[in-house]
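Below is one structure; the comments refer to it alone.
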Amino acid sequence: MALPADVTTGTWILDNSHSEIGFTVRHAGIHKVRGQFKEAAATLDLPEDVSGAKINATINTASFDSGDANRDGHVKGEDFFDVEKFPEISFVSNGLVAKGNSYELTGDLTIKGVTRPVTLDTEFNGVAVDPFGNTRAGVSAETTISRKDFGLTWNAVLETGGVLVSDKVAINLELAFIAPAA
């Protein structure tokens, strides 16, 4: 599978300031709460055959932000991410398959020391040159995981019989990568 037009081979670097690494989880069974990680690093290694592309990413768990300091403190604590003991979430890809105009990216996701395979539905959003001469590529990706699969089991039972935090977590990525210097 050939590289898309205007995409060059080499190691592309994540532009953290123009990327969003977020997730959504249902709270109390009635509404969704969103959070994101503000600090991450990633490389995208692109060979001529894009099916051999490799992504290696790390996310700083202490950079979690949901817009609520109390919730953020709880999520960063031992009940959830335990950022003191597990300062990073990592993802290492092991496959990329074209699916029409999109891709399936497979890899190993590690949260709290637990590694599980995941598949991300991925879209290539194109290439642009910014006013500073940097060539950028945009990528969107999403998947849903079971937080229990990664040892994130804390919960509270509600009077109505449901639970406070759903097991299913939707992961949503909007990523900008900068091309290697010519």
**Prompt:** Expressed as a whole number of Å, what is the distance separating the alpha-carbon centroids of region 118-153 and region 48-81?
**Reply:** 13
**Complete:** Here, chymotrypsin sites (Phe, Trp or Tyr not before Pro) of region 117-168 satisfying both criteria (DSSP loop; at most 13 other Cβ within 10 Å) are PHE132
**Prompt:** Taking the simple approach of a point 7 Å from Cα along Cα-to-Cβ for both ILE13 and SER51, what is their distance in nm?
**Reply:** 3.2
**Asked** Mind checking which of ALA40, ALA57, ALA156 has the largest fluctuation in a GNM of the chain, springs on alpha carbons under 10 Å?
**Response** ALA156
**Request:** With a point put 7 Å past each Cα toward its Cβ, work out how far ASN70 is from LYS168 in nm, to one decimal.
**Result:** 2.8
**Asked** Using modelled backbone amide H atoms (1.01 Å from N, in-plane), which distant-in-sequence or interchain residues come within less than 5 Å of ASN125's amide H?
**Response** GLY138, VAL139, SER140
**Request:** Can you spot the aspartates and glutamates whose alpha carbon is less than 17 Å from LYS32's alpha carbon? Ignore those fewer than 8 places along the same chain.
**Result:** ASP65, ASP68, ASP72, GLU142, ASP167
**Asked** Hey, what's the chain come to in accessible area per residue, 1.4 Å probe, Å²?
**Response** 55
**Message:** Among ALA53, HIS31, ILE89, which residue has its Cα furthest toward the positive end of the charge dipole of the chain, with +1 on Lys/Arg Cβ and -1 on Asp/Glu Cβ?
**Reply:** HIS31
**Asked** Relative to the Cα centre, what is the charge dipole magnitude of the chain, using +1 at the beta carbon of each Lys and Arg, -1 at the beta carbon of each Asp and Glu, and rounding to the nearest 20 debye?
**Response** 380
**Complete:** Looking only at lysines whose Cα falls under 26 Å of LYS54's and that sit 8 or more positions away or on another chain, we get LYS38, LYS99, LYS112
**Request:** Classify region 77-150 as rounded, prolate or oblate, taking a ≥ b ≥ c as the square roots of the eigenvalues of its Cα gyration tensor: rounded when a/c is under 1.5, otherwise prolate if a/b is larger than b/c and oblate if not.
**Result:** oblate
**Message:** With viscosity set to 0.890 mPa s at 25 °C, what whole-number translational diffusion coefficient in µm²/s follows for region 1-107 from Stokes-Einstein and a Kirkwood radius over Cα pairs?
**Reply:** 154
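The values are calculated or read from the model by the stated rules, or taken from the named source; none is laboratory data. Since this is a predicted model, take the numbers as computed values, not measurements. Neighbour counts are summed over all protein chains in view; Cβ atoms, including those assigned to glycine, are modelled from backbone coordinates with ideal geometry. To get the accessible areas, we keep the full protein, side chains included, count just its heavy atoms, and leave off ligands, DNA and RNA. Shrake-Rupley method; radii C 1.70, N 1.55, O 1.52, S 1.80 Å.
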